[in-house]
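Notes follow once the structure below has been shown.
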């Protein structure tokens, strides 16, 4: 069955009705309606008059907020436009209140009514305008907040993607250039080593560019990327760079933000062996109930985040985007080693 799209005005009316049934509006409206019914019953003792009040109240609820939104939700930039809008809203309110309080008593054959009598019509008109303004404005403000929240969520996702793009620059450019220069020399001296290094470099760059299109992936892919980076360092200088991967295989099926560990792993290399501190870079991944614990250890004491350094800050921002405030990198340092530990909760989304 084909669905006919609603016109903008019909959609606004339907959205207004949906907003009015929310408890924060429906409960106060019900209390106002009950008060009007009580006042009418004590004044007239007429069941028909009660039915009349119900119809008037429903007519107000269905029309007043939607009328205000239809007139004022559009951009009004000049005082003249605001004045014209209020004049139109006042005239429309008076017409609706007059129609409800003049025609309905005749239609329902009600001779005496407290709510809709001529002396009450002015009060009803003011209540109609003020109630429509209050409810309509409240609905518009809520819609603006929801729109802003949805926009903030989209921007957060885009920011996360932009962070991934920025991580492309996290690969040490000196390392890349030095590796390319070394490969050029190996091409003359040891073509086998040059070929292996070129394939490792190509695999590393391919994995990084794949991550640009993947907000998250399995931890096994992240570890494979780190292994490729470690292989390149080892090929360049196996005496200086040594790596140890201790991985609990079931834990690697969990999904994590792509390139999350790369800055931490690079920091471990940069502040360990690359800074002249001999030792082994060790990565430990293990399952802890439904979470995954990741520890990266490097030789050398931790001196705190470097001024102007972006690696740790980028990891912390991405952790907040993905897990909130509950996950943060925990650094532990001794005189001759530094470790950083992450406990990553299970993620339900698939890459």
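Observations on the model:
Residues checked against (1) crowded, with 20+ Cβ neighbours inside 10 Å; (2) more than 37 Å from the chain's Cα centre (by Cα):
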residue: 179; (1), (2): yes, yes
residue: 202; (1), (2): no, no
residue: 207; (1), (2): yes, no
residue: 218; (1), (2): no, no
residue: 222; (1), (2): yes, no
residue: 225; (1), (2): yes, no
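- Residue in the stretch 280-293 that is farthest from residue 312 (Cα to Cα), counting only those that are without any contact (Cβ under 8 Å) to a residue 60 or more places away in the chain and surrounded by 15 or more Cβ atoms within 10 Å (Cβ to Cβ): 287
- Yes/no for residue 88 being surrounded by 13 or more Cβ atoms within 10 Å (Cβ to Cβ), assigned to a helix (DSSP H, G or I) and modelled with pLDDT under 85: no
- Residue satisfying condition, being part of a helix (DSSP H, G or I) and at pLDDT 85 or above, within set 183, 223: 223
- Test: residue in the stretch 57-77 that is out of contact with any strand residue (DSSP E or B) (no Cβ under 7 Å at 6 or more places or on another chain), part of a helix (DSSP H, G or I), over 27 Å from residue 146 (Cβ atoms) and touching a residue at least 12 places away in the same chain (Cβ under 8 Å): yes
- Matching option when the condition is at pLDDT below 85, assigned to a helix (DSSP H, G or I), under 21 Å from residue 137 (Cβ atoms) and more than 42 Å from the chain's Cα centre (by Cα), among 124, 12, 104, 100: 124
- Checklist (1) surrounded by fewer than 21 Cβ atoms within 10 Å (Cβ to Cβ); (2) within 27 Å of residue 186 (Cα to Cα); (3) in contact with a helix residue (DSSP H, G or I) (Cβ under 9 Å, 6 or more places away or on another chain) applied to residue 273, failing item: (1)
- Conditions (1) touching a helix residue (DSSP H, G or I) at 6+ places or on another chain (Cβ under 8 Å); (2) assigned to a loop (DSSP other than H, G, I, E, B): number failed by residue 278: (1)
- Every pair of residues 6+ apart whose Cβ atoms lie under 9 Å, when the first sits in the stretch 29-54 and is not assigned by TED's automatic domain parsing to the domain that holds residue 108 while the second is surrounded by fewer than 14 Cβ atoms within 10 Å (Cβ to Cβ) and at pLDDT below 85: none
- Identity of the residue in the stretch 290-315, at pLDDT 85 or above and not in a strand (DSSP E or B), that ends up nearest to residue 264 (Cα to Cα): 300
- Taking the stretch 237-269 as the range and being surrounded by 18 or more Cβ atoms within 10 Å (Cβ to Cβ) and part of a helix (DSSP H, G or I) as the test, the residues that pass are 251, 252, 262, 263, 264, 265, 266, 267, 268, 269.
The values are calculated or read from the model by the stated rules, or taken from the named source; none is laboratory data. Computed from a predicted structure; not experimentally measured. Cβ sites come from the backbone with ideal geometry, for glycine too, and all protein chains shown count toward neighbours.
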